[in-house]
1. What does the charge count around LEU425 come to, taking other residues whose C-beta lies under 11 Å from its C-beta (Lys +1, Arg +1, Asp -1, Glu -1)?
2. Taking the alpha carbon gyration tensor of the chain, what are the square roots of 5 times its eigenvalues, largest first, to the nearest whole Å?
3. Let me have the relative contact order for the chain, percent, based on Cα pairs under 8 Å that are six or more residues apart.
4. Select from THR173, PRO32, GLY22 the residue farthest towards the positive end of the dipole of the chain; place +1 on Cβ of Lys and Arg, -1 on Cβ of Asp and Glu, and compute about the Cα centre.
5. Give the whole-number value, in cubic angstrom per residue, of the convex hull volume spanned by the C-alpha atoms of the stretch 1-62.
6. Could you tally the net charge around PRO36, taking each other residue with its Cβ under 13 Å from the Cβ of PRO36, Lys/Arg +1 and Asp/Glu -1?
7. Under a Cβ-Cβ cut-off of 12 Å, what is the net charge of the residues other than PHE106 that fall near it, where Lys and Arg count +1 and Asp and Glu count -1?
8. How big is the convex hull of the Cα atoms of the stretch 108-239, per residue, in Å³?
Amino acid sequence: MNYYSTNRQSPAVDFREAAIRGQAPDRGLYFPERIPQVDPEIIRRLADFSPEEIAFRVIRPYTGDTIDEATLYRIVSETVNFPIPLVPVTDRIASLELFHGPTLAFKDIGARFMSRCLGHFTRGEKQKITVLVATSGDTGGAVANGFYQVEGVEVVILYPSGKVSPVQEKQLTTLGHNIHALEVAGSFDDCQAMVKQAFADEELCRQRFLTSANSINVARWLPQQFYYFFALRQWQYPGQPPVIAVPSGNFGNICAGMLAMQSGLPVQHFIAACNRNDIVSAYLEGGELLPRMAVPTLSNAMDVGNPSNFIRIQELFGKVFPLLKAKLSSATITDEETEDTIEKVFRQTGYLLDPHGAVGFLALERYLQAASGAKGFFLETAHPVKFPEAVERITGKPIPVPDTLAPMMEREKQSIFIHPGYQHLKDYLMA
Ligand SMILES: *Cc1c(COP(=O)(O)O)cnc(C)c1O
């Protein structure tokens, strides 16, 4: 399998090259040259296969001969080694809980798969790879955890001092070993700007082999298909495919779901559940795709003004708008509606949503009201304990901290404090 660049100005590459590079040299996104079909017999009998087997069969055509079968099987087994349950919330709506991984957010799955692939690809190479990321919260934690103790890979994470939640900061700064946290006395935009300059710095790139771990990397994007298959494996209504609502920011997660559908997974419809950062809604109503500055919301991991993965969804439908529109709608949910939904669902069902999941729940509920008889699920992308202030204020109750988190909260923060400005980052990386 080869991957072409969506800008079509760079040569096609295999999975190894695409995963190591991240973005194509022409600044396009890598996209598979064909969409492999999953054996219909497997789709009919999903419940007869283990999650590892399903994941292996889904990803195998994408990695081609860049990873041998035994290694690939080990990688997927380590990627999906925690539960991903589909939990009923109402009689028509279920929650696909993606927050049972080590950092309590769905990004664990992509980060765990990508880290192990890179570790495999750099084995035996003299030069180590340095993964450089700027984070506003969740990405950094998942990447840190995913790459922890992966040989041949050093991870450098920049985060804005005082602007990530206490749980998120602990996830970034307490691992040590090959994970290095730089606490920047500035904003997320400062961190992002420093990282971008590093990638453009030829002198630095001669000395260190840099790569990024953001969601445009195929090794993070493609494994996100797995849990859509796992959801269908637990789906109780054969013959009635689900409507799926995906809380969306950069649109990598929903795009993976749509790819799974194009590979044969039965899905009735997708809903991109957005907060006020909803440029895709305007596009789907017949307008243009116009990037905007992101505005801050309660569901802050979705505060994206220019969703980079949307181009992949267009690519999936051969850029034919009516085909895309038949399978995808979107909904815009305000912060006030998010809060009301957390409160209402908790009061009526006892189920505790995080702000991202709440956006997904309400978008799905609205869609189902107009689609009689249909049923569906939303992706619960993070554990509510990651957003305790909002959730506890609304429900009036403290959120029980999962056992896995308690020891981490005791550990000491290890970070290197630096001032904003590229030279500070360069000095650190060259040293
Ligand atoms: C990253 C993230 C999202 C958005 O996912 P995309 O793939 O960027 O659309 C939603 N919810 C949570 C909790 C996230 O961390």
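1. -1
2. For the chain, the semi-axes come out at 31, 26, 21 Å.
3. Computed over the chain, the figure is 18 percent.
4. Result: PRO32.
5. Dividing the Cα hull volume of the stretch 1-62 by its residues yields 82 Å³.
6. Taking every Cβ under 13 Å from that of PRO36, the sum is +1.
7. -1
8. 135
Just so you know, all these numbers are worked out from the coordinates, no wet-lab data involved. Predicted, not measured: the structure shown is a model, and the values here were computed from it. Backbone-built Cβ (ideal geometry, glycine too); neighbour counts: all protein chains shown.
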